Amino acid sequence: MIVSIKEILTKARAGGYAVGAFNTVNLETTRAIVDAAKEMRSPVIIQITEKTMEYAGGRMIYNIVKNDVEFYASEIPVGIHLDHGKSFEIIQHCAQIGFGSVMYDGSRKKYEDNEEATKKVVEFCHEKGIDVQGELGSVLYFGESESREMNWEKYMTDPILAEKFVKDTGIDALAVAIGNAHGFLRERPEPDYERLEKINELCNIPLILHGASDWENGRVAEVIKRGITCFNVDTAIRMAFFDRIINSVKDEEMSFDIRKLLEGAREAVKETVKQKIKYFGSEGKM
Ligand code: G3H
Ligand code: 13P
Ligand code: ZN
């Protein structure tokens, strides 16, 4: 069933486990994520970016997710979320479509502008019962860092500012930068656990870790203890999908049947998502 993300995160926080927020781009990745959640009896967040909305059509991809859950996994709690919304207009558009949760990402703006824009989004969304995730500090993408030697301090979330940001904007969840990075960008050798503890103490709302594709068991458990309630995973899904396609595209067994080709990719994504659900501790928590 489609549920509010606040509900999923609040339960996870109280239960000492985390959930995965998995990016979908099409029917195949959606079915893979929903099937994985169903097999693992796990709550899950399915998220959609602006680029995916441009590619698939916002209403279309939203309804693919909603229909999949309602037709095939009505007992599983699933939240549908806009990932990295960068403008007020995209938030308004998602509200019209029916999204129950959005991220407004003002992390590349200067603090005051991020706070002001996020606050405006929260006022608009809360009136409609939509949850909002904000970001403070910057979780970088490959190509965004200026040199091989990363100046992590410059990008990480400042706990004192985070407390103010949460209080003044009214956000429901906060994406933090503690040495994590998106995609193939090299992460800090060790996350800044102390910083995360402070953020958690001062903010007291669910904390989200973007760039979690390459996070494995040890670090995952350490940050869950310190307040991370949700891990964002996109790159691992893309890689699983691509690998399977590359390896099977020339296989004669496929007999030029698009469905056979995509079915394999879907299975590969499903296995990846199941493994992540295990790491995050949400198996059986529906
Ligand atoms: O952080 C989010 C995604 O990894 C970026 O995905 O190419 O759909 O914008 P996108
Ligand atoms: P990865 O690139 O590590 O999968 O992170 C995805 C993400 O943060 C989506 O918001
Ligand atoms: Zn992200």
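Restricting the search to segment 33-69, which residues are part of a helix (DSSP H, G or I), of a type outside the set (Val, Ile, Thr) and within 16 Å of ligand 1 (Cβ to nearest atom)?
In the first step, residues of segment 33-69 are kept if they are part of a helix (DSSP H, G or I); the result is 33-40, 50-56, 58-69.
Cutting the leftovers down to of a type outside the set (Val, Ile, Thr) gives us 35-40, 50-51, 53-56, 58-60, 62-63, 66-68.
Those that are part of a helix (DSSP H, G or I), of a type outside the set (Val, Ile, Thr) and within 16 Å of ligand 1 (Cβ to nearest atom): Glu50, Lys51, Met53, Glu54, Tyr55, Ala56, Gly58, Met60, Tyr62.
Just give me the residues in segment 116-142 being of a type in the set (Val, Ile, Thr) and within 13 Å of ligand 2 (Cβ to nearest atom), in sequence order. Working first, answer last.
Taking segment 116-142 first, the residues of a type in the set (Val, Ile, Thr) are 118, 121-122, 130, 132, 139.
Passing the criteria: only Val139.
Among the listed residues Ile64, Ile90, Ile97, Ile33, identify the single one that is more than 30 Å from Lys225 (Cβ to Cβ) and in contact with a Phe, Trp or Tyr (Cβ under 6 Å, 6 or more places away or on another chain). Spell out how you get there, then give the answer.
Working: Ile64 fails: in contact with a Phe, Trp or Tyr (Cβ under 6 Å, 6 or more places away or on another chain); Ile90 fails: in contact with a Phe, Trp or Tyr (Cβ under 6 Å, 6 or more places away or on another chain); Ile33 fails: more than 30 Å from Lys225 (Cβ to Cβ).
Only one candidate qualifies: Ile97.
Right, Phe99: crowded, with 23+ Cβ neighbours inside 10 Å and either touching a residue at least 24 places away in the same chain (Cβ under 8 Å) or assigned to a helix (DSSP H, G or I) (or both) or not? Explain how you work it out, then say what you get.
Working: crowded, with 23+ Cβ neighbours inside 10 Å: yes; either touching a residue at least 24 places away in the same chain (Cβ under 8 Å) or assigned to a helix (DSSP H, G or I) (or both): yes.
The answer is yes for Phe99.
Go through segment 221-254 residue by residue and tally those that are within 22 Å of Pro189 (Cα to Cα), assigned to a helix (DSSP H, G or I) and more than 13 Å from ligand 2 (Cβ to nearest atom). So that I can check it myself, show each step before the final result.
In the first step, residues of segment 221-254 are kept if they are within 22 Å of Pro189 (Cα to Cα); the result is 221-236.
With the extra rule that they be assigned to a helix (DSSP H, G or I), the set shrinks to 221-225, 235-236.
Subsequent filtering for residues that are more than 13 Å from ligand 2 (Cβ to nearest atom) retains 221-225.
Matching residues across segment 221-254 total 5.
Conditions (1) more than 23 Å from Ile80 (Cβ to Cβ); (2) crowded, with 23+ Cβ neighbours inside 10 Å; (3) modelled with pLDDT under 95; (4) more than 14 Å from ligand 1 (Cβ to nearest atom), marked per residue:
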| residue | (1), (2), (3), (4) |
| --- | --- |
| Ala175 | no, yes, no, no |
| Phe184 | yes, no, yes, no |
| Asp192 | yes, no, no, yes |
| Pro206 | no, yes, no, yes |
| Asp214 | yes, no, yes, no |
| Lys225 | yes, no, no, yes |
| Lys250 | yes, no, yes, yes |
| Phe256 | yes, no, yes, yes |
| Gly264 | yes, no, no, yes |
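The values are calculated or read from the model by the stated rules, or taken from the named source; none is laboratory data. It should be emphasised that the depicted structure is a prediction, and the values quoted were computed from it without experimental measurement. Cβ: placed from backbone, ideal geometry, glycine included. Neighbour counts: every protein chain shown.
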